[in-house]
Amino acid sequence: MLIVFHSRCFLDNFIKVASLNELSETEGKAIKINNHNIALFKLASGEVYAIENSCPHVGAPLHNGTIEGKELTCLWHSWCFDLETGESTNCPGVSIKKFQTKVEDQSVFLCL
Ligand code: FES
């Protein structure tokens with residue numbers, strides 16, 4: 001029998017990285033965990049996204065970017081990314097690394 005897991009994250013692989021009330025709906029938060037620089041974003045819907053905090057163009061910190069809906073715009077040269085997919089919305093073929101997140105009891109967890 002072949003069992004295919006669609007996620008490499010199991011319950012015990014998630015690390016608590018923030019409290020939900022630490023995150024703003026108007027700006028991202030930069031964190032560093034196990035040598036990963038990560039940008040966290042809380043949307044108005046309450047969803048939390050985590051991405052590598054470095055723009056694939058020339059490395060701008062993406063937590064400083066602007067958010068409109070689920071689209072993140074890098075402040076340096078305006079490359080845009082869909083936080084849901086990680087894909088760029090204005091540079092075809094470019095994407096950012098995403099990390100799986102979950103929110104439980106007002107705490108934000110992510111899987112590296
Ligand atoms: S560094 Fe992000 S668009 Fe240039």
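Ignoring lysines fewer than eight residues from Lys97 along the same chain, the ones with Cα atoms less than 18 angstrom from its Cα are Lys29, Lys32, Lys42, Lys70. Legend: P(r) of the range 13-111 from all alpha carbon pair distances, 5 Å bins from 0, whole percents, reading 3, 14, 28, 26, 18, 9, 3, 0. Magnitude of the charge dipole for the chain, about its Cα centre and with charges confined to Cβ atoms of Lys, Arg (+1) and Asp, Glu (-1), is about 340 debye. Sorting 93-106, 63-76 by their mean Cβ neighbour count within 10 Å, with the most densely packed peptide first, gives 63-76, 93-106.
Among Leu83, Leu20, Leu62, whose mean-square fluctuation peaks in a Gaussian network model of the chain (Cα, cutoff 10 Å)? The residue with the greatest mean-square fluctuation here is Leu20.
Read the figures in this text as sums done on the coordinates, not as results from a lab. Note that the structure is a prediction, hence the values are computed from the model and not measured. Here Cβ is always computed from backbone atoms with ideal geometry, including for glycine, and neighbour counts include all displayed protein chains.
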